[in-house]
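Following: one structure in structure tokens, then a few remarks.
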Amino acid sequence: MEILLASAVGILTAGGIYLILRQRTFPVILGLSILSYAVNLFLFATGRLALNQPPILSEHATGYTDPIPQALVLTAIVISFGMTAVVLMMALSAYLAARDDRIDMSDDKGEDA
Amino acid sequence: MNNLIIAPIVLPAVVGPFILMAIRFHSDLQRVFSVASVVLLNLIAFTLLWHSMDGSIQVYELGDWPAPFGIVLVLDRLSAMMVMLTTLLALPVLLYAIGSGWDTRGRHFHALFQFQLMGILGAFLTGDAFNLFVFFEVLLIASYGLMIHGGGSKRLRAGVQYVVYNLLGSSLFLIALGAIYSVTGTLNMADLAVRVAALPVEDTALIRVAAVLLLLVFAIKAAVLPLHFWLPASYANAPMPVAALFAIMTKVGAYAILRMYTLVFGPDVAVTQGLVGDWLLPAALLTLTVGSIGILGAKELGRLVAFSAITSMGTLLIAISLFTPQSAAAALYYAIHSTLTAALLFLVADLVMERRGGKLIPCPAMPQSGLISALYFAGAIAMAGMPPLSGFIGKLLVLSAAWPSSEVWLIFAVVLTTSLITIVGLTRAGSILFWKSHDRSVQPPEDDEEDDIAKPVSPELASAPVPGLAFVSVFALLAGLVALTVLAGPVLKYTEATAGQLFDPTAYIETVLQRP
């Protein structure tokens with residue numbers, strides 16, 4: 001299971017970074033969301049992988065899984081959701097204002113029009 | 001007294017939504033509440049500074065959870081100083097935004113301003129690494145809104161770049177925090193300090209990776225080369241009063257470096273010994289060099305000031321990367337100076353850009369040219385580090401702190417050469433802006449419709465005298481610089497005590513973890 005999770009994080013990160021390096025805003029935003037999935041999975045793994053364990057100590061359970069990474073992931077999900085919404089709105093209005101969704105800024109005036 | 005520590009976060013967190021929801025259609029009331037909040041924040045910051053003077057460290061436990069389990073806010077000399085600096089900067093910038101009418105050129109300026117302050121002040125006060133991430137996000141999301149305040153296609157596109165760059169930085173931050181948590185099992189800074197110091201020296205790969213990743217995150221915030229690419233475009237295209245407020249944001253990165261790498265990954269910690277300073281010093285020297293070349297090559301006033309902000313970060317980080325108490329004291333003094341100076345230059349740049357556009361080309365004379373050129377002159381002197389203003393003292397302190405270092409000649413050569421290049425660059429820009437304008441043969445450039453940043457907003461506004469409030473706030477920043485020069489002795493005494501506190505973190509750790 002470790003190898004599965006590790007390669008999932010790795011592949012998601014690689015895909016996310018590839019997309020972020022694209023020229024248009026839409027792939028870049030997709031890349032950012034994929035990267036945030038990778039980060040969230042990684043954060044889960046920081047509490048060590050444990051199956052079928054409750055996140056609290058109790059007398060009946062044989063062990064427990066660390067609840068803090070889950071709280072961290074929840075925070076990270078909320079923040080990345082909000083950030084994605086903001087960057088989408090900004091990219092959209094930049095596109096509507098400039099009629100162009102290239103992410104880099106060029107000094108060439110003809111390109112800006 | 002203890003409850004006052006959370007007031008700098010709660011007050012803007014209450015005023016911001018109030019402005020947004022209750023008085024969103026009353027621009028005068030918004031101004032009143034926003035200014036009142038910032039004035040109150042100044043009073044709170046002064047009280048906190050007063051209480052931290054005696055060297056005591058105070059802890060506020062959120063929800064009354066004791067330290068390693070709950071989030072704590074910690075007030076020590078460093079946090080108190082940075083909170084005071086932020087609020088001192090915020091007041092003139094806010095007054096300028098009101099005086100120049102910038103706050104009404106888009107919506108929700110005042111609400112975003114309050115949220116921005118909440119994020120910055122929270123980042124300075126928190127004692128928990130994950131909470132630091134959350135406050136970074138708060139200040140970033142407010143800065144995204146402020147950055148595109150007023151709109152315009154070029155500004156929006158620069159804004160998208162800025163957001164993407166910082167979202168990447170946030171992902172990196174989370175990965176670094178995850179790695180740190182997986183090794184140590186805690187995110188409280190004081191607890192981290194204890195556990196990292198106790199780690200076995202042979203099993204350190206992951207924590208070293210985490211320490212460097214965290215350094216990269218803070219380096220993005222502090223605009224250290226090669227992670228500075230976001231800064232020139234976003235500062236040059238942001239509304240200038242907002243860029244003036246952003247002058248404190250790069251210092252948040254510098255603060256975080258200073259805090260984490262003295263407290264948690266300190267110079268004496270075996271697992272990361274020498275790791276950070278060795279990387280940071282060359283990067284800081286390169287930052288300074290590239291910044292000064294950027295000043296020389298800038299074609300727009302906004303970019304020129306943005307690059308001068310990069311040079312000041314370079315100088316600041318040279319001092320930080322030495323990691324000695326003396327260099328940290330110099331760095332803190334220089335941080336106060338460079339924040340006020342960068343803000344002053346951004347506001348002067350706005351005064352110029354409102355009248356003649358931001359391009360560094362000869363134009364007919366603008367109204368109030370003499371007064372503005374005098375202000376530019378003072379700001380340039382401070383930025384280049386010439387006497388009599390505080391930049392000179394700051395650079396002198398940084399250089400004398402570098403004296404015992406083994407890289408002393410390299411540091412001296414880079415700092416002094418770049419100072420010369422900076423002087424030349426600022427002089428060149430000043431002579432084009434203020435002197436060539438009196439040449440009658442020069443024709444005004446044709447209005448460039450596409451370029452909505454560089455041209456004045458409207459002809460009436462460009463020729464009308466700016467209300468006095470804008471000038472008063474610029475002069476207030478200048479007065480701050482003069483005060484920093486005159487009171488260099490007491491300020492330096494305070495920063496030296498701060499550095500002493502930073503490099504002896506036992507008191508911090510014991511207070512936070514409530515160990516007798």
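The shape of the protein assembly as shown can be summarised by an equivalent ellipsoid whose semi-axes, obtained from the alpha carbon gyration tensor, come to 39, 28, 24 Å from longest to shortest. Other protein chain C-beta atoms within 10 Å of residue C-beta, averaged over B:171-180: 6. For region B:2-512, the equivalent ellipsoid derived from the Cα gyration tensor has semi-axes of 37, 26, 20 Å, listed largest first. Here the alpha carbons of region B:195-298 define both size measures, Rg and Dmax, at 16.1, 51 Å.
Values of log10 I(q)/I(0) for chain A across q = 0.10, 0.11, 0.15, 0.24 Å⁻¹ run -0.45, -0.51, -0.76, -1.26, by the Debye formula with one identical scatterer at each alpha carbon and no solvent.
Find the relative contact order for region B:2-512 and round it to a whole percent, using C-alpha pairs within less than 8 Å whose residues are 6+ positions apart. All intermediate terms of the calculation are to be shown ahead of the outcome.
Numbers: 816 pairs, mean separation 85.9, N = 511.
About 17 percent, as a whole number.
Legend: mean number of C-beta atoms from other chains within 10 angstrom of residue C-beta atoms, peptide A:10-23, equals 1.
As a test of the formula, what do you get for chain B when each DSSP H run with n ≥ 4 contributes -39,500 (n - 2.57) and the sum is divided by the residue count, at 222 nm and rounded to the nearest 500 deg cm²/dmol?
On the way: 20 runs with 364 residues, N = 516.
About -24000 deg cm²/dmol.
Between A:Ala8, A:Ile79, A:Ala97, the Cα set farthest toward the positive side of the dipole of chain A (charges on each charged residue's Cβ, about the Cα centre) is that of A:Ala8.
What does the charge add up to near B:Ala142, with Lys and Arg as +1, Asp and Glu as -1, over the other residues with Cβ less than 15 Å from its Cβ? Could the numbers behind the result be given before it?
Details: positive: B:Arg107, B:Lys221; negative: B:Asp103, B:Glu137.
Charge balance near B:Ala142 sits at 0.
With contributions of -39500 (n - 2.57) from each DSSP H run of at least four residues, the per-residue ellipticity at 222 nm computed over chain A stands at -22500 deg cm²/dmol.
In debye, nearest 20, what is the charge dipole magnitude of chain B about its Cα centre with +1 on Lys and Arg Cβ and -1 on Asp and Glu Cβ, if you could check?
Working: 25 positive and 29 negative charges, 171 e Å.
Approximately 820 debye in magnitude.
Peptide A:90-102 is shielded by partner chain Cβ atoms: per residue, an average of 5 of them sit within 10 Å of its Cβ. Tell me the angle of helix B:325-356 to the major Cα principal axis of chain B, expressed in degrees between 0 and 90 and rounded to the nearest ten. Rounded to the nearest ten degrees, it is 20. The angle between the Cα long axis of helix B:390-402 and the longest principal axis of the Cα atoms of chain B comes to about 40 degrees, rounded to the nearest 10. Against the main long axis of the alpha-carbon atoms of chain A, helix A:68-98 sits at an angle near 10°. Using equal-weight Cα scatterers in the Debye expression, the normalised intensity of region A:39-97 in log10 at q = 0.12, 0.20, 0.28 Å⁻¹ is -0.45, -0.77, -1.05. A protection proxy built from the mean count of other Cβ atoms within 10 Å ranks the segments A:34-45, B:116-127, B:11-22, most packed first, as B:116-127, A:34-45, B:11-22.
None of the figures in this text is laboratory data; all of them are computed from the coordinates on show. The shown structure was predicted, so the numbers you read here are calculated from the model rather than taken from an experiment. Don't worry about glycine lacking a Cβ; one is built from the backbone with ideal geometry, like all the others, and counts go over all protein chains shown.
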